[in-house]
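Chemist: Would you mind keeping the following structure in view while I ask a few things?
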Amino acid sequence: MVPWIGAQLWALLPPLLLLSLLAAAAEVKARGCGEVREAYKAKGFSLVNIPYQEIAGEHLRICPQEYTCCTSEMEDKLSQQSKLEFENLVDETSHFVRTTFVSRHKKFDEFFRELLENAERSLNDMFVQTYGMLYMQNSEVFQDLFIELKRYYTGGNVNLEEMLNDFWARLLERMFQLINPHYHFSEDYLECVSKYTDQLKPFGDVPRKLKVQVTRAFIAARTFVQGLTVGREVANRVSKVSPTPGCIRALMKMLYCPYCRGLPTVKPCNNYCLNVMKGCLANQADLDTEWNLFIDAMLLVADRLEGPFNIESVMDPIDVKISEAIMNMQENSVHVTTKVFQGCGQPKPAPGLRSSRSIPDNFNTRFRPYHPEERPTTAAGTSLDRLVIDIKEKLKLSKKFWSSLPYTICKEERVTAGLSMEEDCWNGHTKAKYLPEIMNDGLTNQINNPEVDVDITRPDTYIRQQIMALRVMTNKLKNAYNGNDVNFQDTSEESSGSGSGSGCTDDICPTEFEFITTEAPLFDSDRREVFASASYPSHSGFTWLIVCLVLLLQRQCR
């Protein structure tokens, strides 16, 4: 009996031994580091001192301290590699929003500058053709206007309303001398003449309406370009991330601890990636609220640029508008001269000139505006409408960019295993499903982040500076939307609110000009009657007494 049992045992022993040997061989094969070595080499690292088989992992500081294919040197190098790849991922993902602001700023700036150049060139050509030498002798008045407009657009400290008031006052001085060539006017007398610009309205209603349109159009254009500049700078700065030590540890654990476990082809779980990215980009997510308000304000001003604050529709015909104002002055020259002589006194005759000298014939030539088909082509080979339509589409796409950044990165196939591989992905410890919940956005919500050690009591000061820059710019954009420039206080009684803009609404400030050749001054009915009586060559003594009293009261009020 015993020999028979022994024979049976010996008969069974070889198969059992064979199975044991096969299992041992399989275990040895599973612990091999061949795939890890290949993947490590593909990253550009040397294979010197890289193990062929798993070793004890007590030396690891980030990855699980189990049997591993990583040495301490490998863990350090892969940790730095994870940091570099994270920085590149953020840089690549933010490329769209950065290039949007860079390229569109360049296009808008080029367009606005060329628009101003074209408008100045057009006015010069037309006025040389129309007024000849008279214009060329006084061209610095118009040149200074465009110099100041350009200086304002480029960020200069220019109060648009005051600058335009000065332009019309200087133009009145020059024209008053031209329509009264037989008199000599001192500097003091001309200064007195300029004070009557608003009172007499020698140019009709053109200066008021042009001031409204120019101020709000230039405020909107300059502020919009400044907004593009701020958006560009914020996007460039925030996309240059500097991960914290806690973030670097989490990145290493997510991206390269699978290497150390002998699983180089296994990618992180999607939700695992989201928690790591939300922890690493917590401060960037806090930028999102102010960024979205900034984008909304940019879109509002863009709407204005398309509509009532369209600088192209203001600057293209500015030569026609100024010429119309000059025609108004010519048509009202006798009326204006009489009132000025009444208010400033009778000037002295010009020495050596006959009193019968008249206005040069070419000054009376009425300007013939170009027909639309004769207008010059749009600036920079495009139009403001096309530029605005394009930038609005791009701006809308950039909303919520910073809070969506973790989701955008974790959607990358090269980063995560994808939602379809929830059971076969790296969860930070092994190849299995990731169970922790996804954190909400922002710094304070990372207090319980299971993957990244985040100090919620220490916000990134650099990010906070960008938030403040966006907040300031958003305030400027909101003011520009209302036609106000926050850099200046109101100088016009027509304005409302703070700023140097018109502060008007579309129904109050029409977008079309209504040229008026004669209009009563901005005084009450009694004063209008006095000035009307002054236009007649003969007056009664009683009328002259009233005139003198009114002038005395005016000077006391001033």
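Chemist: With respect to Phe363, determine if the residue is crowded, with 16+ Cβ neighbours inside 10 Å, at pLDDT below 85 and not β-branched (Val, Ile, Thr).
Modeler: Criteria met by Phe363.
Chemist: If you don't mind, another one. If Val158 passes every condition in (1) touching a residue at least 24 places away in the same chain (Cβ under 8 Å); (2) within 18 Å of Val141 (Cβ to Cβ); (3) in a loop (DSSP other than H, G, I, E, B) but one, which one does it miss?
Modeler: (1)
Chemist: Could you check, for the stretch 181-198, whether at least one of its residues is farther than 15 Å from Met327 by Cα, in contact (Cβ under 8 Å) with a residue 40 or more places away in the chain, in a helix (DSSP H, G or I) and among the acidic types (Asp, Glu)?
Modeler: Yes: one or more hits.
Chemist: Further question on the same structure: All but one of (1) part of a helix (DSSP H, G or I); (2) without any contact (Cβ under 8 Å) to a residue 12 or more places away in the chain hold for Glu58, so report the exception by its number.
Modeler: Every listed condition holds for Glu58 apart from (1).
Chemist: Let me confirm something: among Leu190, Leu164, which residue is under 19 Å from Asp319 (Cβ atoms) and either in contact with a helix residue (DSSP H, G or I) (Cβ under 7 Å, 6 or more places away or on another chain) or open to solvent by 10 Å² or more (accessible area, probe 1.4 Å) (or both)?
Modeler: Leu164
Chemist: From the residues in the stretch 66-91 that are farther than 14 Å from Arg249 by Cβ and either free of Cβ contacts under 8 Å to residues at least 24 places away in the same chain or in contact with a strand residue (DSSP E or B) (Cβ under 8 Å, 6 or more places away or on another chain) (or both), which one is surrounded by the most Cβ atoms within 10 Å (Cβ to Cβ)?
Modeler: Cys69
Chemist: Here is a check on your reading of the model: is Leu149 on the phi < 0 side of the Ramachandran plot, touching a residue at least 40 places away in the same chain (Cβ under 8 Å) and in a helix (DSSP H, G or I)?
Modeler: Yes; evaluated as a whole, the condition is true for this residue.
Chemist: Let me ask you something else. Report the residue count in the stretch 29-55 for those that are under 22 Å from Gln80 (Cα atoms) and of a type in the set (Lys, Arg).
Modeler: 3
Chemist: Quick test of your reading of the structure: Ser242 fulfils all but one of (1) open to solvent by less than 40 Å² (accessible area, probe 1.4 Å); (2) not in a helix (DSSP H, G or I). Name the failing condition by number.
Modeler: Checking Ser242 against (1) open to solvent by less than 40 Å² (accessible area, probe 1.4 Å); (2) not in a helix (DSSP H, G or I), the one that fails is (1).
Matching residues to (1) closer than 15 Å to Phe203 by Cβ; (2) open to solvent by 50 Å² or more (accessible area, probe 1.4 Å):
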position: Phe127; (1), (2): no, no
position: Met133; (1), (2): no, yes
position: Phe146; (1), (2): no, no
position: Lys150; (1), (2): no, yes
position: Phe176; (1), (2): yes, no
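Chemist: Condition test on Gly155, is it closer than 24 Å to Val388 by Cβ, open to solvent by 10 Å² or more (accessible area, probe 1.4 Å) and of a type in the set (Gly, Ala, Ser)?
Modeler: Values: closer than 24 Å to Val388 by Cβ: yes; open to solvent by 10 Å² or more (accessible area, probe 1.4 Å): yes; of a type in the set (Gly, Ala, Ser): yes.
The answer is yes for Gly155.
Chemist: Among the residues in the stretch 49-65, are any over 60 Å from the mean Cα position of the chain (by Cα), open to solvent by less than 50 Å² (accessible area, probe 1.4 Å) and at pLDDT below 90?
Modeler: No, because not a single residue in the stretch 49-65 is over 60 Å from the mean Cα position of the chain (by Cα), open to solvent by less than 50 Å² (accessible area, probe 1.4 Å) and at pLDDT below 90.
Chemist: May I pose another question? Within the stretch 87-136, track down each residue that is of a type in the set (S, T, N, Q) and more than 14 Å from Asp390 (Cβ to Cβ).
Modeler: Scanning the stretch 87-136 gives Asn88, Thr93, Ser94, Asn118, Ser122, Asn124, Gln129, Thr130.
Chemist: Now, a different point. What are the residues in the stretch 401-427 that are open to solvent by 40 Å² or more (accessible area, probe 1.4 Å), over 17 Å from Glu92 (Cα atoms), in a loop (DSSP other than H, G, I, E, B) and in contact (Cβ under 8 Å) with a residue 60 or more places away in the chain, if any?
Modeler: Listed by number, the residues that qualify are Glu422, Asp424.
Chemist: Checking Tyr462 against (1) buried (at least 19 other Cβ atoms within 10 Å of the Cβ); (2) at pLDDT below 95, which single condition isn't satisfied?
Modeler: (1)
The values are calculated or read from the model by the stated rules, or taken from the named source; none is laboratory data. These numbers were taken from a predicted model, which means no experiment stands behind them. Methodologically, a virtual Cβ is constructed for each residue, glycine included, from the backbone with ideal geometry; neighbour enumeration extends over all protein chains shown. SASA here: full protein model, heavy atoms, side chains in, ligands and nucleic acids out. Shrake-Rupley method; radii C 1.70, N 1.55, O 1.52, S 1.80 Å.
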